[in-house]
Amino acid sequence: MDHDVEAEARERVARRDEAVRAAVEQGLLGPDAAVVGLLDVRGIRESAAALRTAFEAVLAPGTPVLHAFAVKATPLVPVLRLLHEEGVGAEVASPGELALARAAGVPAARTVLDSPAKTPAELREALALGIAVNADNPQELDRLDALVPARGAGGATAAPLRSPLGIRVNPQIGAGSIGATSTATETSKFGVALRDEGAREWVVRAYTERPWLTRLHAHTGSQGIPLPLLARGVAETFALAEEINARVGRRQVDTLDIGGGLPVNFAGEATAPTYARYARLLAEQVPGLRAGRYGLVTEFGRSLLAKHGTVVARVEYAKRSGGRRIAVTHAGVQVATRTVYAPGAWPLRIAAYDGEGRPKPGPEVVQDVAGPACFSGDLLAEGRALPALEQGDYAAALDTGAYYFAHHYAYNSLARPGIHGFGPDGAGGVAFATVREPQTVAEVVAESGGAHASALTALCTPGSR
């Protein structure tokens, strides 16, 4: 492990251990607060800085770059505000995500709208605000044709177009180790499939006929995608931009949106691969990027937040079944849906803490770490060697800052956990800030139609008239 990466990992573990202990001491964790999400604010800031620095190091000075955080990874307004202050914009894929970005104060000029199912209303809103849009398919481009202000010779036009517009393409270069997160497969639902008959020519012609198309977008995949495949996707996009500009005879495509997709190391503490390694690989494999002929947009999500989030749950009971120890906790499918339903693709590391929130010592024993939901597969970890978790201890699911506690799955009507950011308090301790309040039982009832309890019984039944 690189010395700097190793030191960073040690510091992150130390901050996490201090935060868990402080959460117990300050009452954020305990019998009446059995599960909580913790976010390391310093770690998030450091990830944002590492991203900026990595690309600055390989691009020509002055190259326009927008790093847009994939809001789907951690859709929390305070997180988006923090990243905005760290120079990171927002990539949104729904009206809800756009609303979150706007609530966080992310400017329209630093927002990108990507979705395979944009409605006319969503497109109109984006163009009215000046948000960048990547059209996913020919039918969506037809909708944009009807919305982009006309530019007839000498004719009056509507308000000038402020939104950078482009087309999303699928280079169809293959899948990584997780099919569900591979977006450049032959039959991916995303983008225009470049290798389908006539598709590449259609894309080139679309640009020649629309001078307002100035961006080109491709996203190869996410977790499970090796770096060489990510780089190949960028190379394919770069080559297509060069082809379009050569056909048009000018620099019409001026910005490449290369997506995100940097995988996260869920097997250990180290941040690997790093943004610096990926940026260097891109510079080697796509040397034209270094020349500064194209601005750049990135859309990283998981890699910015995963290492800086932890779900901590109280062990309610410790039992045995068939000779296997089982720690029954309050964190399961409702916070770690992917891990529970696809543990082979999404394994999580578990850290053991005692009842006071201190790292638990002692010999490791094989045990299951179970969640509270009423089905047998609700397991955070199965057959895992850990210090023996006892009633009143805490089990921490690590690397869960993205796609975990902010993506609640309401199985058994389990309430959403509270989420707190942490940092130094200035006196050698840990301070917490509420990111999201824990959901109350009353709110669960309200979301489940509590205000309409008689709605169905009030309907007329056959023969009641």
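The values are calculated or read from the model by the stated rules, or taken from the named source; none is laboratory data. Small disclaimer: the values here were computed from a predicted structure and weren't measured. Virtual Cβ from ideal backbone geometry, glycine too; neighbours counted across all protein chains shown.
I'm trying to understand the selection: among the residues of segment 215-235, which are among the polar types (S, T, N, Q) and within 16 Å of G191 (Cα to Cα)? Talk me through it step by step, then tell me what you get.
From segment 215-235, those among the polar types (S, T, N, Q) are 220, 222-223; that's our starting set.
If the condition is that a residue be among the polar types (S, T, N, Q) and within 16 Å of G191 (Cα to Cα), then T220, S222 are the ones that fit.
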Specify the residue that is farthest from K307 (Cα to Cα); the eligible residues are those in segment 217-234 that are out of contact with any Ser or Thr (no Cβ under 6 Å at 6 or more places or on another chain) and surrounded by 21 or more Cβ atoms within 10 Å (Cβ to Cβ). H217
Regarding G362, is this residue in contact with a strand residue (DSSP E or B) (Cβ under 8 Å, 6 or more places away or on another chain) and either part of a loop (DSSP other than H, G, I, E, B) or on the phi > 0 side of the Ramachandran plot (or both)? yes
Among the residues of segment 193-245, which ones are farther than 30 Å from T271 by Cα and not in a helix (DSSP H, G or I)? A193, L194, R195, D196, E197, G198, R210, P211, W212, L213, T214, R215
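Pick out the one residue from D399, D378 that is acidic (D, E) and on the phi > 0 side of the Ramachandran plot.
Working: D378 fails: on the phi > 0 side of the Ramachandran plot.
From the options D399, D378, the qualifying one is D399.
Would you say A276 is within 25 Å of the chain's Cα centre (by Cα) and at pLDDT 95 or above?
Details: within 25 Å of the chain's Cα centre (by Cα): yes; at pLDDT 95 or above: yes.
So A276 passes the test.
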Only listed residue being charged (D, E, K, R) and in contact with a Lys or Arg (Cβ under 8 Å, 6 or more places away or on another chain), chosen from D393, D425: D393
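Residues are listed down the side, and each one gets a yes or a no for (1) surrounded by 12 or more Cβ atoms within 10 Å (Cβ to Cβ); (2) among the basic types (K, R); (3) at pLDDT below 55:
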site: D142; (1), (2), (3): no, no, no
site: L147; (1), (2), (3): yes, no, no
site: T157; (1), (2), (3): no, no, yes
site: Q172; (1), (2), (3): yes, no, no
site: S177; (1), (2), (3): yes, no, no
Restricting segment 365-374 to residues that are in contact (Cβ under 8 Å) with a residue 40 or more places away in the chain and part of a loop (DSSP other than H, G, I, E, B), which is surrounded by the most Cβ atoms within 10 Å (Cβ to Cβ)? G371
Matching residues in segment 256-290 (in contact with a strand residue (DSSP E or B) (Cβ under 9 Å, 6 or more places away or on another chain) and acidic (D, E)) number 1
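Tell me which residues, restricted to segment 105-118, are in contact with a His (Cβ under 9 Å, 6 or more places away or on another chain) and either within 17 Å of V297 (Cα to Cα) or surrounded by 24 or more Cβ atoms within 10 Å (Cβ to Cβ) (or both). Lay out the reasoning, then the answer.
The initial filter retains those residues of segment 105-118 that are in contact with a His (Cβ under 9 Å, 6 or more places away or on another chain), namely 105-107, 110, 112, 114.
Within segment 105-118, V106, P107, R110, V112, D114 qualify.
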Would segment 282-297 turn up any residue that is under 25 Å from P75 (Cα atoms) and either among the basic types (K, R) or at pLDDT 95 or above (or both)? yes
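Could you please let me know if L129 is crowded, with 16+ Cβ neighbours inside 10 Å, under 21 Å from P211 (Cβ atoms) and modelled with pLDDT of 95 or more? Walk me through how you get there before you give the answer.
Numbers: crowded, with 16+ Cβ neighbours inside 10 Å: yes; under 21 Å from P211 (Cβ atoms): no; modelled with pLDDT of 95 or more: yes.
No; evaluated as a whole, the condition is false for this residue.
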Is one or more of the residues making up segment 427-450 at positive phi, within 22 Å of the chain's Cα centre (by Cα) and either crowded, with 20+ Cβ neighbours inside 10 Å or not acidic (D, E) (or both)? no
